[in-house]
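> Sharing a structure below in structure tokens format, with a few things to ask.
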Amino acid sequence: MKKIISVLLTLVMLFAITSVCVCAAETTMTTLSVADARTYEAYQIFVGDVEGKTLSNVKWGANGTGVADTPVDEATLALLAGLTNIDISDESKLAVIESLVNLNTAPVGTVSKDAPLSVATGYYLMKDVSDNLEEGQELSAFVVKVVGDVVITPKVGEVTSKKKIKDVNDSLDDPTVVKAWQDSADYDIGDEIPYLLEGVVTEKYAAYDEYYFCFHDTLTKGLDFKADSVHVFVDGVEITEGFKLIKADGDKYIKFEFENLKNIPEVKAGSVITAEYLAVLNTDAIIGSLGNPNVMYLEYSNDPNGDGHGETPEDKVTVFTYKLVVNKVDGESGEALKGAGFTLYKKDAVAGFVAVGPEVGGEELSTFTWTGLDDGIYKLSETTTPAGYNTMADIEFTVTADHEIESADPQLTSLSGNLATGELTSGTITKDIENNKGTILPETGAEGTIAFITIGAILAAIAVVFLITRKKMSVYED
């Protein structure tokens, strides 16, 4: 009997060992792969048998909050089953699921496009750890999958931004027509220029607990920022709180910083955030084709699972300004003529012709320059005329310029006036203007009269001498 029992026990042990080996051999494996260029870490919450989206014989996985390879309690399973309600958002589901995984433990593996990962069937949280994001992209929120073989698809939105300028021409525009926002404009020095910054909030906004959003804007030395002109909008409605205006580098670098958009109740997924302001074109402005660029980019939260930030591509707008040069010459000789003075006027659609500064002139001046002009309608008036010359009639002319209004790098393409063709690089329109001498008019008398008077005086003197001499001779005869 003892021998029989010993044999039976041996058979039972062998059967148990064989069963364990069979179970280990039959553990179902599956493959995780990625379709795009992202990289994910795989955290194993549960393991079990998978059929479709159903997981049975559920045990805690290597990264779950329970003891690995032990059965999951019914309360946890019921909690998960309740999340299948279609009315529950992905963000709400994820908040519950995150409580069941320990992200401080080492993941069971990493998967990327060129390196698929073989894992036991089960329930996994995939964490996006990509380090090759392009500008405007963001990391994916946690992806949770019941796996059989599966291709991971990121749950991400896209953040976009742009900068624009408005081209307002007092001389040529109908003041009742609202101008469009575009990528280039031209202005006079001293003009106030309208600028716009725009950013679009990610469609995955709800996945973030906090959301950072900041416009970075850099002005060139030819532009002076007007801080009192700032207006900020959410979806076209102005707001006055929830952001900070930060200035640096002599107000040439400015930031519109929203530390947490979640504090602004008007903001939602896809909201358009805009900031508008004015800048004055100053005397340091670059004349001609190089223009005066203004560059902006948007910094934003890009990791719904952490506190990472991304940036959109830089966007540039450019304002151009021009120069008029008048050379005064003698109408006969063509040589430079000094001593004139000119006043330049620009036409305003409302006020008529308005002087562009004081008279330009001087006794030793023959070249007259006006720097920092917009395109438009002008009048040149000779307000001081060189001695001996006729004052010229006023000259009306139009400065015309073309520049790319929709471009990543706007270029000046043409410059002209009905005075002369402009030179693009220097932004200069040059014209020689002649002055003619005054006309010599006929006179009566003058040199002939003087001659007669002189001869008459001589004859009178001779007559006086003759009379005196004759009188003396008469006395002697007597």
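The values are calculated or read from the model by the stated rules, or taken from the named source; none is laboratory data. The structure displayed is predicted, hence computed values, not measured ones. Glycine also receives a Cβ, built like all others from the backbone with ideal geometry; neighbour counts cover every protein chain displayed. Surface areas here come from the heavy atoms of the whole protein model, side chains and all, with no ligands, DNA or RNA. Shrake-Rupley method; radii C 1.70, N 1.55, O 1.52, S 1.80 Å.
> Would you check if there is a residue in segment 406-418 being assigned to a strand (DSSP E or B), surrounded by 15 or more Cβ atoms within 10 Å (Cβ to Cβ) and more than 25 Å from the chain's Cα centre (by Cα)?
Yes; the residues of segment 406-418 include at least one that is assigned to a strand (DSSP E or B), surrounded by 15 or more Cβ atoms within 10 Å (Cβ to Cβ) and more than 25 Å from the chain's Cα centre (by Cα).
> Just to be sure, is K247 exposed (fewer than 14 other Cβ atoms within 10 Å of the Cβ), among the charged types (D, E, K, R) and assigned to a strand (DSSP E or B)?
When the stated conditions are applied, K247 passes them.
> Within segment 366-400, track down each residue that is open to solvent by 50 Å² or more (accessible area, probe 1.4 Å), under 19 Å from K437 (Cβ atoms) and not β-branched (V, I, T).
A387, G388, N390, A393
> Also, quick follow-up: Do you know which residues across segment 183-210 are crowded, with 17+ Cβ neighbours inside 10 Å and within 21 Å of G372 (Cα to Cα)?
Those that are crowded, with 17+ Cβ neighbours inside 10 Å and within 21 Å of G372 (Cα to Cα): D183, S184, A185, D186, Y187, D188, I189, D191, I193, P194, Y195.
> Then there is this: For segment 379-388, state whether one or more residues are small (G, A, S) and under 30 Å from N294 (Cβ atoms). Spell out the reasoning first.
First, pick out the residues of segment 379-388 that are small (G, A, S): 381, 387-388.
In the following step, the residues that additionally are under 30 Å from N294 (Cβ atoms) were identified as none.
No: segment 379-388 contains no residue that is small (G, A, S) and under 30 Å from N294 (Cβ atoms).
> So if I check each of D114, D128, which one is acidic (D, E) and open to solvent by 60 Å² or more (accessible area, probe 1.4 Å)?
The conditions single out D114.
> When you scan segment 351-362, do you find a residue that is in contact with an Asp or Glu (Cβ under 6 Å, 6 or more places away or on another chain), surrounded by fewer than 17 Cβ atoms within 10 Å (Cβ to Cβ) and in contact (Cβ under 8 Å) with a residue 40 or more places away in the chain, even just one?
So the first thing to find is which residues in segment 351-362 are in contact with an Asp or Glu (Cβ under 6 Å, 6 or more places away or on another chain), and the list is 354.
Checking the rest, the ones that are also surrounded by fewer than 17 Cβ atoms within 10 Å (Cβ to Cβ) come to 354.
Checking the rest, the ones that are also in contact (Cβ under 8 Å) with a residue 40 or more places away in the chain come to none.
No, that holds for no residue.
> May I ask you to verify whether T318 is of a type in the set (V, I, T), assigned to a loop (DSSP other than H, G, I, E, B) and either in contact with a Cys (Cβ under 6 Å, 6 or more places away or on another chain) or over 19 Å from V156 (Cβ atoms) (or both)? Please lay out each step first, then the result.
Numbers: of a type in the set (V, I, T): yes; assigned to a loop (DSSP other than H, G, I, E, B): no; either in contact with a Cys (Cβ under 6 Å, 6 or more places away or on another chain) or over 19 Å from V156 (Cβ atoms) (or both): yes.
Here the answer is no, as T318 does not meet what is asked.
> Now, a different point. Among the residues of segment 161-173, is any in contact (Cβ under 8 Å) with a residue 40 or more places away in the chain, buried (at least 21 other Cβ atoms within 10 Å of the Cβ) and of a type in the set (V, I, T)?
yes
> Sticking with this structure for a sec: For segment 118-168: of the residues being part of a strand (DSSP E or B) and within 19 Å of the chain's Cα centre (by Cα), which is nearest to Y205 (Cα to Cα)?
T160
> Further question: If I ask for residues that are exposed (fewer than 14 other Cβ atoms within 10 Å of the Cβ), in contact with a strand residue (DSSP E or B) (Cβ under 9 Å, 6 or more places away or on another chain) and in contact (Cβ under 8 Å) with a residue 60 or more places away in the chain, which ones from segment 56-90 would you list?
Result: no residue meets the conditions.
> Give the residue that is nearest to E51 (Cα to Cα), with candidates limited to residues of segment 131-186 that are in contact with a Gly (Cβ under 9 Å, 6 or more places away or on another chain) and among the hydroxyl-bearing types (S, T, Y).
Going through the qualifying residues, I end up with T160.
> Right, here's the next one. Out of (1) under 49 Å from the mean Cα position of the chain (by Cα); (2) surrounded by 13 or more Cβ atoms within 10 Å (Cβ to Cβ); (3) in contact (Cβ under 8 Å) with a residue 24 or more places away in the chain, what's the single condition that is false for K53?
So the condition that K53 fails would be (2).
> For segment 252-314, please list each of the strands (runs of 3 or more DSSP E) lying entirely inside it that holds at least 2 residues being open to solvent by less than 20 Å² (accessible area, probe 1.4 Å).
Of the strands (runs of 3 or more DSSP E) lying wholly inside segment 252-314, those with at least 2 residues that are open to solvent by less than 20 Å² (accessible area, probe 1.4 Å) span 253-258, 272-281, 292-301.
> Against the definition (free of Cβ contacts under 8 Å to residues at least 40 places away in the same chain and either over 22 Å from the mean Cα position of the chain (by Cα) or farther than 30 Å from L412 by Cβ (or both)), how does F243 come out, yes or no?
Yes: the conditions hold for F243.
> Give K431, K437 a once-over and let me know the one that is closer than 12 Å to L324 by Cβ and open to solvent by 40 Å² or more (accessible area, probe 1.4 Å).
Unique residue meeting the criteria: K431.
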